[in-house]
Amino acid sequence: MDFILDPWPWYVSGPLIAIVMLLLVFFGKTFGMSSNLRTLCAMGGAGKYADFFAFDWKSQKWNLTVVAGAIIGGFVAVTFLSDQKPIALNPETVAALSELGFEKAGAALLPGELYDWDQVWSVKGMSIILIAGFLVGFGTRYAGGCTSGHAITGLSNLQLPSLIAVIGFFIGGLLMTHVLFPLIF
């Protein structure tokens with residue numbers, strides 16, 4: 001059971017990802033979460049309102065296993081594989097988060113100061129959700145894919161646009177962590 005509960009070493013998880021990517025390349029398929037969202041919108045009839053969603057979604061329905069796997073895997077992990085221990089965070093991270101008002105940093109996977117229903121339904125919480133949702137959606141469309149699509153599929157296929165996008169994702173993450181996050185909280 002420890003093998004499943006503990007983080008997998010790179011020499012196990014890396015080759016598994018490589019095998020999946022080789023199979024996708026062999027069958028001429030691509031992987032990414034944002035393409036699943038596009039497929040779901042097309043299935044729901046969004047193609048009547050926007051040309052972006054007007055495509056043969058049936059050819060992409062195989063990729064919906066990614067969404068199903070994420071949902072089922074998340075449920076199994078939380079319900080059956082969670083040991084309920086506090087998350088091991090670096091003490092410096094805990095101190096920095098405490099300074100920003102996160103009093104129980106590391107006590108749960110998601111901080112209550114952001115994810116409790118009282119926080120979500122507040123003006124600040126709703127503003128964060130709406131602005132973040134817009135930025136993620138715009139960025140995904142503008143970059144031509146999401147982080148998983150570019151970082152896993154695009155880099156595996158040696159695509160220069162994916163390398164540029166991944167570099168941009170890292171720069172954006174650093175800016176958010178060190179500049180915007182302290183301003184918001």
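The values are calculated or read from the model by the stated rules, or taken from the named source; none is laboratory data. Keep in mind the model is a prediction, meaning the values are calculated, not measured. Note that we place each Cβ from the backbone using ideal geometry, even for glycine, and neighbour counts take in every protein chain shown. Only protein heavy atoms, including side chains, enter the accessible area calculation; ligands, DNA and RNA are left aside. Shrake-Rupley method; radii C 1.70, N 1.55, O 1.52, S 1.80 Å.
Can you tell me which of (1) under 22 Å from Phe170 (Cβ atoms); (2) without any contact (Cβ under 8 Å) to a residue 40 or more places away in the chain; (3) polar (S, T, N, Q) is the one Ser122 doesn't meet? The number of the failed condition is (1). Report, by residue number, each residue of region 80-99 that is in a helix (DSSP H, G or I) and open to solvent by 70 Å² or more (accessible area, probe 1.4 Å). Residues satisfying the conditions are Phe80, Pro91, Glu92, Glu99. Could you run through region 26-60 and say how many residues are exposed (fewer than 14 other Cβ atoms within 10 Å of the Cβ) and aliphatic (A, V, I, L, M)? Residues that pass the stated criteria total 2. A search for C-beta distances below 7 Å between a residue of region 142-163 that is under 14 Å from Asn36 (Cβ atoms) and any residue that is in a loop (DSSP other than H, G, I, E, B) and open to solvent by less than 20 Å² (accessible area, probe 1.4 Å), counting only pairs 6+ apart in sequence or on different chains, returns Gly145/Gly32; Cys146/Gly32; Ser148/Gly32; Gly149/Gly32; Thr153/Gly32. Looking only at residues of region 1-20 that are among the aliphatic types (A, V, I, L, M) and more than 18 Å from the chain's Cα centre (by Cα), we find that the one that is most open to solvent (accessible area, probe 1.4 Å) is Met1. Suppose we keep only residues that are part of a helix (DSSP H, G or I) and at pLDDT below 85 within region 25-37. Which one would you say is farthest from Leu158 (Cα to Cα)? Restricting to residues being part of a helix (DSSP H, G or I) and at pLDDT below 85, the top hit is Leu37.
Is one or more of the residues making up region 42-59 under 19 Å from the mean Cα position of the chain (by Cα), of a type in the set (S, T, N, Q) and over 28 Å from Glu113 (Cβ atoms)? Within region 42-59, none of the residues are under 19 Å from the mean Cα position of the chain (by Cα), of a type in the set (S, T, N, Q) and over 28 Å from Glu113 (Cβ atoms). Residues in region 140-184 that are open to solvent by less than 70 Å² (accessible area, probe 1.4 Å), of a type outside the set (A, V, I, L, M, F, W, C) and closer than 23 Å to Tyr115 by Cα: Gly172, Gly173, Pro182.
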